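Nothing in this text is a laboratory measurement; each read-out follows from the coordinates by a stated rule. Computed from a prediction, not measured in an experiment: that's the story for all the values here. Please note: Cβ atoms are built from the backbone with ideal geometry, for glycine as well, and neighbour counts cover all protein chains shown.
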Amino acid sequence: MPTEKTNMKNKTVLHSLISVGTYQDFIQEIFYLAQHKIPSYVCFANVHMVVEGYKNKNFQKIINNANIVAPDGKPISLFLNYFDKLKQVRVCGMDMFPDLLKQAEVLDKSVYFYGTTDALLTAVINKTREKYPLLRISGFYSPPFREISEEENSAIIKRIKSTSPDLIFVSLGCPKQEKWIADNKNKIGACLLGVGQAFSVFADVENRLPMWMRNLSLEWAYRLYQEPKRLWKRYLFTNSYFVYLTFNHVIAQLRSKLLSSFSKSYSSGKMLQEADE
């Protein structure tokens, strides 16, 4: 009997549960969920998502209830490597999106694209058909850029469900896409993935930085350069807050080690004193 639980282990980054494993492990587990038609969702966690979860317990619950949470941001994988002594690679949604499309073509799984604009969705569909001609595209839809009513959402869900997709890629931006995914996964019965910016990168609408700059965690700076008015507050406060929280985590761990060491020394000293007596 298929189970919602994957074989992936979780580690905690500032109270958010992050899945750990190899890049291929993530692909394998995602297709396990798709193969068995398990209502499920996958998050790609960067600094913004983790900090949003830290500040908002309801959103953190959405993260922690996900079937898989990939360490999308380089700082997240570095956090895991330092504090949990892992060799965790970054599992970026922008990198994984085309790889998942390729694997879906190989395994004859259907995909659905939801979110962003009609123009960008058209570009994504054209690029997908060019690169993966045998891939089954069950449908695509760009919702209105406003709050949608329950009736509208029900109609959207019915529309998506009627196409019987195996994987649904959602691009609405964080935290909106994660909230929508969590609210609707059981209504559709497929594996939903919040891929955010991956649509525009895949369709060549937006360029990515060279690998050496990505390894230095500078993608936020590039995005800030592209959209300063929209993103300056997010990156100024979010990135700074993540550094602050990480520093506090370091201090807390050092304090815990010192207290543990002091406790052991005190216990040893007391035992020696009792022995002398």
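Exposure proxy shown here: for Tyr114, Tyr82, Tyr132, the number of other Cβ atoms within 10 Å sets the order, fewest to most, as Tyr82, Tyr132, Tyr114.
Assuming a ≥ b ≥ c are the square roots of the Cα gyration tensor eigenvalues, decide whether region 50-166 counts as rounded (a/c under 1.5), prolate (otherwise, with a/b larger than b/c) or oblate. Because a/c hits 1.5 or more and a/b fails to exceed b/c, region 50-166 counts as oblate.
When the GluC sites (Glu not before Pro) in region 94-182 are filtered for DSSP coil states and for at most 12 other beta-carbon atoms within 10 Å of their beta-carbon, the remaining sites are Glu147.
Remark on Thr163: its backbone amide H falls under 5 Å from none of the residues 5 or more positions apart or on other chains, H modelled at 1.01 Å from N. I need the shape label for region 9-238. Rule: rounded when a/c is under 1.5, else prolate if a/b > b/c, else oblate, with a, b, c from the alpha carbon gyration tensor. Verdict is rounded for region 9-238. Taking trypsin sites (Lys or Arg not before Pro) across region 139-183, the ones in a DSSP loop with at most 15 further Cβ atoms lying within 10 angstrom of their Cβ are Arg146. Amide H contacts of Phe140 (H built 1.01 Å from N, in plane; Pro and chain starts excluded): Phe113 sit under 5 Å, all sequence-distant by 5 or more or on other chains.
Computed from backbone phi, the HN-Hα couplings of region 155-164 come to 5, 5, 4, 4, 5, 5, 4, 5, 8, 6 Hz, rounded to whole numbers (Karplus: 6.51 cos²θ - 1.76 cosθ + 1.60, θ = phi - 60°; Gly and Pro given as x).
The Cα center of region 147-208 and the Cα center of region 69-142 differ in position by 12 Å.
Close amide H contacts of Val42 (hydrogens built in the peptide plane, cut-off under 5 Å, sequence separation of 5 or more or a different chain): Leu192, Leu193, Gly194. Phi angles across region 142-153 convert, under the Karplus curve 6.51 cos²θ - 1.76 cosθ + 1.60 with θ = phi - 60°, into 3J(HN,Hα) values of 10, x, x, 7, 6, 5, 9, 6, 4, 5, 5, 5 Hz, Gly and Pro given as x.
As a calculated quantity, the FRET efficiency between Val250 and Arg159 at R0 = 51 Å, using C-beta atoms, amounts to about 0.55.
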